[in-house]
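Comments concern the structure below.
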Amino acid sequence: MKLKDIFQQLAHLKIVETRVMDDEYVELVFLNMDLGAWYKTLAANLGEPRKQAGSEPTREDQTLTRQTGGIWVNQTLFEKSFGDVTVIAKFWPWGDEVHTTLKMALLIH
């Protein structure tokens with residue numbers, strides 16, 4: 001599994017800013033008006049979120065996301081293992097209520 005494989009399914013959606021795009025890490029900004037489409041595609045590839053926005057992150061959530069900045073109450077966390085790797089994806093909503101940052105990482109066990 002490569003992050004770019006998942007990301008190709010999202011390519012039709014508008015991206016405001018691409019910060020990083022490589023084999024092990026993707027970070028980009030999109031508009032909240034497209035949040036449903038981003039959510040649907042990630043859920044189709046990674047399953048329903050491990051942590052929904054508004055719920056308190058567990059210690060395991062914090063450990064899993066430590067390398068990518070942790071996880072906060074207002075953020076959504078997806079996770080799925082593929083053999084010896086785990087893919088995580090996080091929605092980080094901005095305070096402007098217009099933008100969200102998507103961070104995806106490939107974690108090797």
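A few points about this structure:
- Mean Cα-pair separation over length for segment 4-75, i.e. relative contact order, pairs under 8 Å, 6 or more apart, %: 21
- Counted by Cβ distance under 14 Å from residue 81, the other residues give a net charge of -1, where Lys and Arg count +1 and Asp and Glu count -1.
- Per residue, the average separation of C-alpha pairs within less than 8 Å and at least 6 apart gives segment 27-109 a relative contact order of 32 percent.
- Take the Cα of residue 34, go 7 Å toward its beta carbon, and the backbone nitrogen atoms of segment 75-109 under 17 Å from that spot belong to 90-94, 97-104.
- GluC sites (Glu not before Pro) lying in DSSP loop within segment 1-66, provided at most 15 other Cβ fall within 10 Å: 24
- P(r) tail fraction, segment 8-57 - alpha-carbon pairs more than 14 Å apart, %: 62
- Cα principal axis extents for segment 29-89, largest first, Å: 30, 27, 19
- Across all Cα atoms of the chain, the radius of gyration (one decimal) and Dmax (whole number) stand at 12.8, 38 Å.
- Relative intensity, log₁₀ I(q)/I(0), of segment 63-109 from a Debye sum that treats every alpha carbon as a point, q = 0.17 Å⁻¹: -0.49
- Solvent-accessible surface of protein heavy atoms, probed at 1.4 angstrom with all chains present, puts 100, 63 in the order 63, 100, largest first.
- Take each peptide in 41-52, 2-13, count the other Cβ atoms within 10 Å of every residue, and average; sorted highest first, the result is 41-52, 2-13.
- Among residues other than residue 15 with Cβ under 12 Å from its Cβ, the summed charge is -1 (Lys and Arg +1, Asp and Glu -1).
The values are calculated or read from the model by the stated rules, or taken from the named source; none is laboratory data. No experiment lies behind these values; they were computed from the predicted model shown. All Cβ positions, glycine included, derive from the backbone under ideal geometry; neighbour counts span all protein chains shown. We work out accessible area using only protein heavy atoms, side chains counted, and drop any ligands, DNA or RNA first. Shrake-Rupley method; radii C 1.70, N 1.55, O 1.52, S 1.80 Å.
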